[in-house]
1. Name the single residue that is surrounded by the most Cβ atoms within 10 Å (Cβ to Cβ) among those in region C:167-205 being more than 15 Å from residue C:226 (Cα to Cα) and at the interface with chain A (Cβ under 8 Å from one of its Cβ atoms).
2. Examine region B:150-172 for a residue that is closer than 28 Å to residue C:436 by Cβ and at pLDDT 95 or above, and state whether such a residue exists.
3. Being under 15 Å from residue C:157 (Cα atoms) and either more than 7 Å from chain A (Cβ to nearest Cβ) or among the β-branched types (Val, Ile, Thr) (or both) narrows it down to one of C:235, C:262, so name that one.
4. Considering only residues of region A:38-80 that are surrounded by 15 or more Cβ atoms within 10 Å (Cβ to Cβ) and more than 26 Å from the chain's Cα centre (by Cα), which is nearest to the other protein chains (Cβ to nearest Cβ)?
5. Would it be correct to say that residue B:230 is of a type outside the set (A, V, I, L, M, F, W, C), more than 9 Å from every other protein chain (Cβ to nearest Cβ), in contact with a strand residue (DSSP E or B) (Cβ under 9 Å, 6 or more places away or on another chain) and closer than 25 Å to residue C:35 by Cα?
6. Which condition breaks for residue B:98 when tested against (1) among the acidic types (Asp, Glu); (2) within 11 Å of chain C (Cβ to nearest Cβ); (3) in a helix (DSSP H, G or I)?
7. Are there any pairs, at least 6 apart or on different chains, whose C-beta atoms fall under 7 Å, with the first in region C:304-328 and in contact (Cβ under 8 Å) with a residue 24 or more places away in the chain and the second of a type in the set (Ser, Thr, Tyr) and surrounded by fewer than 24 Cβ atoms within 10 Å (Cβ to Cβ), and if so, which?
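The values are calculated or read from the model by the stated rules, or taken from the named source; none is laboratory data. Nothing here was measured: the structure is a model prediction, and the numbers come from that model. Methodologically, a virtual Cβ is constructed for each residue, glycine included, from the backbone with ideal geometry; neighbour enumeration extends over all protein chains shown.
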Amino acid sequence: MAKTDEHQAWLAELEAKSRAKQVGFINGISGKLRRPRSAEPPAHPFRGAPEFWNEFEWPIDERVEKFRANFKAAGGHSERLATMEDARAFIASKAEEMSAKYVIRQNQPELNALGLEEAIPDASFSVWNSDAEEHWKARAAEADFGIVVADYAAAYTGSVTVLSSKDKGRSVSLLPTVLMVIIPIERLHTRLGQILVNFDQAGRENLPAGIHFISGPSRSADIENDLTIGVHGPGVVYTLIVG
Amino acid sequence: MKVSLFITCLSDAIYPRVGEAMVRLLAKYGVTLQFPTVQTCCGQPAFNSGYWKEARETASTIIAAFEDADFVISPSGSCTFMIHHYPKLFEDDPVMLEKALKLQAKAYEFTQFLVQVLGVTDVGAHFPHKVTYHPSCHGSRLLGVKEEPLVLMEQVKGLEFVPLPFANDCCGFGGTFSVKMSDISGAMVNEKSEHVLETEAEVLVGLDMACLMNIAGNLRYRDKPVRVMHLAELLYEGVKGA
Amino acid sequence: MSVTGTQAGGATVKERAGLALNNDFLRKAVKFTTERLRNGKINAAEDHGNWDEWRERGRQIRLHTIAHLDYYLNLFADNARANGVNVHFADTAAEAVQISLDIAKRAEAKTVVKSKSMVTEELHLNHALEGIGVEAIETDLGEYIIQLAGETPSHIIIPAIHKNRYQIAELLSADAGETLAPDTQVLAGFVRRKLREKFLEADIGMTGCNFAIAETGSMVLFENEGNARMVTTVPKTQITLMGMERIIPSWSDLEVMATLLPRSATGQKLTVYMSGITGPRREVDADGPEEMHIIIVDNGRSLQLGDPEFQELLNCIRCGACLNACPVYRHIGGHAYGGTYSGPIGAVLTPALKKNVAEWDDIANASSLCGACYEACPVKIPLHEMLIYLRRRKLEAGRGDKMEALGMKGFAAVMSNAKRYGAVLKIGQLGQKLVVRDGGIRLKIGPLKGWNTYRVTPSLPKESFRQQWKTMEEEIRHGLQDMDPAMKDRMEQIVKDRAAGKGGHGHHG
């Protein structure tokens, strides 16, 4: 959606103000710290996790086992499946079991090749952003199932990571009632740090707008510290480790 | 080796039996405690209330009292830790700062000295009672005296140890806090006493007479016959009875 | 909201605490929940292992970032701008509010959906938005509940910690226009449905910021419900308010914060959602905000910079562990503190941010200085010491209590001189005879009133230790034992090591 010229002009005005203010604001900090401001990056001897932690790694089977245990402990479901065909069958059986009528999925090659549409013939399928005219947030909001392939997963915390792009909507892992996440086993790491370091290496220009770590179903303990599952995000989350 | 006793004002005035237990127990190991009578209070009430000028005056007295000691031992983790605040008190006075640092390096809480310095864990005591232990906040959290009292109690024959629920929670004393915020302090000590009573212990033991005075006062107010004593007293009584 | 909450129910922390102490339900509710959170944290830390190494690492990262905040904040602002974010700087709360209102007006916003943000509480932003006819809706379940009640959060992590399910059912039933059962699932289900509509129709999504990554200009949010993801995904405009100190250098540093924050806050290995947002939606994306603003707020934070006693306050990662560990907080709850932030961190942060130490002093007094906050803190902020510095600064500002000052002068006069001390002791030993009964003092008058409402004060024994010393010393000199040579060697070695600058023992740290 194109913004009006007037609005753009207003934003430009704000930016000019902000840039001017930034100089004084930052100089003020240097002043309070009682030293001149330096443009050079300071040496950061404590970057990231403690050294001993960076050597820690589980073998793949243990990784799978720990991931599943953690994910289940957080109230989610997790399966290990041998092939993508098994994943298709699993999702189809759950769709039938829960009578899923609307399904939305990311436009990812693994899902395009999976043939879910044929496996769940009774459901109405949407493929994220496959039509520029569609109101995609509404499609995701009405969906019973959202299906995504994870970009990464970390066993130690039981987390999956999904990155946004043209073909990967943030809404798909957020708005549907049930979330299905396929994790190709080679993307399952031990520690969070093994995932996070990629974003440092990629650099600012190459990061997507949304990087989301998901570690179970949406929950709250705000009422009498009593755990409630499914507050705003999906209340039912399946992670399927494939391979 | 000159080992000096820093009695602390509370034990001096109200609980001299604690000092006596320390003196007689350590004498068994050939440690003759010195007692510089010029000593007074560590200054914590003034320091914690923000009266640092006044705290410096009392701190100077303590520093002078123990200047020639090799080891300074006290029956209170809190008063010992107060000595750790002296360098901060004198940070702008290089001469006093150096003295403060020297005192800090040689100041020990009683069980710290017994276990870490003398290497004693079994004093040969016999104390056939059910005992629970309240670890005082400053001694355990700030000074780091956690294992020493437990190790010493483990070796006491006949002693049945019952862990105190929520042992690490503050008893609510907090010096002037117990006067200024008396209702909050009262709620805290009530809770602490309830936990003590839950254990059904005959004896509550600790390493800080201020906290123990607080809890004992509350137990007595409720007419509960729990005996409250410093670990030094328990050990000394156990040695006499063995 | 009609009540700003700051002075509700009493002018002093003592009065407010008194109200809380007499509210049995409140005390039980707060105790129950903080106990669960505290145990959860302890278990999570033990389960993870090497907790002190992680704390130390977290502390070092925070110390480093704050020590170079000019560099990192500038880097963050430049990078965020390069990502397409409209970055703003606000020195004061009023400025931050003004910028937010300008954006809302330009967007012709009717509704703002908010995820939990302590900064916006600090700014009383909801109130300001309502003033220009914009509905501000808190979407965190607990925040939604207390917004309905017209209250402010009483805990950083569990804002409605002071309410039970029956009170909540009543509030939500009124909101729903039908009777809802006091059942957690039913109540949460209602809020889900109700807020779903609000998310989809809102013009602006507003968030706080847990961490801001300098090197990539990204902002990171930790949450469990999914509402922060909603407000950063669905509305067209996103406004993020962040304290200027929320910065960390890199994503790698985020691993340390992600290890410390959830474990310390709720005992979780990671919150259900951890989202890193790098700019508004890309041109080709089909969701995410089209326009994104980040407002960097000072509002008193920079007062701590360069202050050796308080700079570490800026290390705080807002986990709430100090509240759960604090025995005072557990008895009086958050509202008794009278500021946006409660518990030990609030007792220090509130006066520090406002620079009106004198006015807030009675909060600094509401602590037994037990150090549980320091022990629980994932970045090791010495809050128990800062409380003492606050007390001292009040006196330095000439705002002390005159009677107390007189008392302390007397204390110093007596306690800096053993002769005077001995004389006072003797007076006490004699004088107490009037009030001692059965070895104790039960009088509830004067300074003893508060103490003796809960306790019996012990009497002074006939002789103090110093009065007994001469006799005792003679007795032990008679029966003196030889010291075990091994013991003697150890002691000599310790003294030698000390002289050589080695060793030392038992320090907090």
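1. Selected residue: C:168.
2. Within region B:150-172 (the criterion being closer than 28 Å to residue C:436 by Cβ and at pLDDT 95 or above), the answer is yes, since at least one residue qualifies.
3. Criteria check complete, one pass: C:262.
4. A:46
5. no
6. With (1) among the acidic types (Asp, Glu); (2) within 11 Å of chain C (Cβ to nearest Cβ); (3) in a helix (DSSP H, G or I) applied to residue B:98, the lone miss is (2).
7. If the second residue must be of a type in the set (Ser, Thr, Tyr) and surrounded by fewer than 24 Cβ atoms within 10 Å (Cβ to Cβ), the pairs left are C:309/C:389.
Residue-by-condition table, conditions (1) within 24 Å of residue C:340 (Cα to Cα); (2) more than 23 Å from the chain's Cα centre (by Cα):
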| residue | (1), (2) |
| --- | --- |
| C:53 | no, no |
| C:58 | no, no |
| C:73 | no, yes |
| C:82 | no, yes |
| C:87 | no, yes |
| C:95 | yes, yes |
| C:98 | yes, yes |
| C:101 | yes, yes |
| C:114 | yes, no |
